[in-house]
Amino acid sequence: MQDAEKEIRKKISAELAKLAGLGEILKGTVSKVVLGTKKSGREKKMSHLLTYKGAGNKTRTVYVAKEKVSEVGRMIARYRQAKAAIERIVELNVRLFKMKK
């Protein structure tokens, strides 16, 4: 029983270490949008927006510069990794909790 508990705690520590090493994260989705035509009428203005749910479950939108789009994409991917790691930690903690009965 104690060996199983130690193993679970070891896995939790490993997941926490992964979280600590992720770096900067962002939540949301990056969308490419057409904002309309320029005054010349020849080109459409393209832009990128980050949309996410903020405090109070309110949808927020933030402009993303063209040169930052790939960086923001990597930050969103790290958020997904963090979210998955937290889910694994929760499952491991539930197993620990059940062992303590």
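Values quoted throughout were computed directly from the atomic coordinates according to the rules given, and no laboratory measurement underlies them. Remember, predicted model here, so these are calculated numbers, not experimental data. Heads up, the Cβs are rebuilt from the backbone with ideal geometry, glycines too, and the neighbour counts pull from every protein chain shown.
Round to the nearest 10 and give me the degree value, 0 to 90, for the angle of helix 69-99's Cα axis relative to the longest principal axis of the chain.
Its long axis makes an angle of about 20 degrees.
Cross-link candidates for Lys32: which aspartates and glutamates have Cα within less than 17 Å, leaving aside residues fewer than 8 places away along the same chain?
Within the straight-line cut-off, Lys32 pairs with Glu43, Glu67, Glu71.
Aspartates and glutamates near Lys68 by alpha-carbon distance under 14 Å, same-chain residues fewer than 8 away left out - which ones?
Cα-Cα hits under 14 Å: Glu24.
I'd like the distance separating the alpha-carbon centroids of the range 40-101 and the range 1-38, in whole Å.
Result: 9 Å between the Cα centres.
Could you work out the local net charge near Leu19, counting Lys and Arg as +1, Asp and Glu as -1, over the other residues with Cβ closer than 11 Å to its Cβ? Please list the in-between numbers first.
Working: positive: Lys18, Arg78, Lys83, Arg88; negative: Glu15.
Once positives and negatives cancel, what remains is +3.
For the chain, find the longest principal axis of its Cα atoms and tell me its angle to the long axis of helix 2-20, 0 to 90°, nearest 10.
Approximately 20 degrees, to the nearest ten.
Near Lys100, which aspartates and glutamates are there with a Cα under 16 Å away, not counting those fewer than 8 places off in the same chain?
Asp3, Glu5, Glu7, Glu91
Go through (1) 29; (2) 55; (3) 52 and flag the label whose value is the computed percent of Cα pairs over 21 Å apart for this structure.
The calculated read-out lines up with (2).
Roughly what would the spin-label model give for Lys66 and Leu96, points 7 Å off Cα along C-beta, in nm?
So the label points at Lys66 and Leu96 sit 4.9 nm apart.
Suppose only helical runs count, i.e. DSSP H with n ≥ 4. What mean residue ellipticity at 222 nm does that imply for the chain under -39500 (n - 2.57) per run, divided by all residues and rounded to the nearest 500 deg cm²/dmol?
-17500 deg cm²/dmol
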